[in-house]
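Beneath this line is the structure, given in structure tokens, with notes to follow.
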Amino acid sequence: MKQGFLILAHGSRAKEAETTLSRVVEKMRKVMGSEFVEKANMELSGPDIFEGIENLVQKGVSQVVVVPMFLFEGHHIQHDIPRLIQEAEEKFSQIDIKMARHIDADDRLVQILVDRAREALN
């Protein structure tokens, strides 16, 4: 089974947001040792979730893990993304789609904030 990963961000009109998302995708490809990592956005910019999944399907994946790049368990995490995944499963019936957990208050995130705070003091 060939697995693919879809990093799903909120989306933004700011060019910097697109650049950052692309950098995250490239870094995840290296860490995962997989070329099957794509990006998508919920709104304001593309590609959308269906285009992101389509990009992975065209590369021959049979399982997609949607990885939300969201801190909070808000409306998108609780409702919108599960609904879109269900629609995608109907559209792409040949593949299995799963959703990873959102970022939440992970200790690794706290460490990044601590590091940034300390950098500002130096």
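Taken together, the values in this text are just the output of simple stated rules run on the coordinates, not laboratory data. Remember, it's a predicted structure, so these values are computed and weren't measured experimentally. Here the Cβ is made from the backbone with ideal geometry for all residues, glycine too, and neighbour counts use every protein chain on show.
A few comments on the model shown:
- Criterion: of a type in the set (Val, Ile, Thr) and in a strand (DSSP E or B) - qualifying residue of Val61, Val66, Val57: Val66
- Identity of the residue in the range 73-119, assigned to a helix (DSSP H, G or I) and either in contact (Cβ under 8 Å) with a residue 40 or more places away in the chain or hydroxyl-bearing (Ser, Thr, Tyr) (or both), that ends up farthest from Lys2 (Cα to Cα): His76
- Members of the range 1-54 that are of a type in the set (D, E, K, R), over 20 Å from His102 (Cβ atoms) and either in a strand (DSSP E or B) or in contact with a Phe, Trp or Tyr (Cβ under 9 Å, 6 or more places away or on another chain) (or both): Lys2, Arg29, Glu54
Here is a yes/no grid of residues against (1) surrounded by 17 or more Cβ atoms within 10 Å (Cβ to Cβ); (2) touching a residue at least 40 places away in the same chain (Cβ under 8 Å); (3) not β-branched (Val, Ile, Thr):
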residue	(1), (2), (3)
Glu26	no, no, yes
Glu35	no, no, yes
Ser45	yes, no, yes
Asp48	no, no, yes
Ile53	yes, yes, no
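- Ala14 vs. criteria surrounded by fewer than 12 Cβ atoms within 10 Å (Cβ to Cβ) and of a type in the set (A, V, I, L, M): yes
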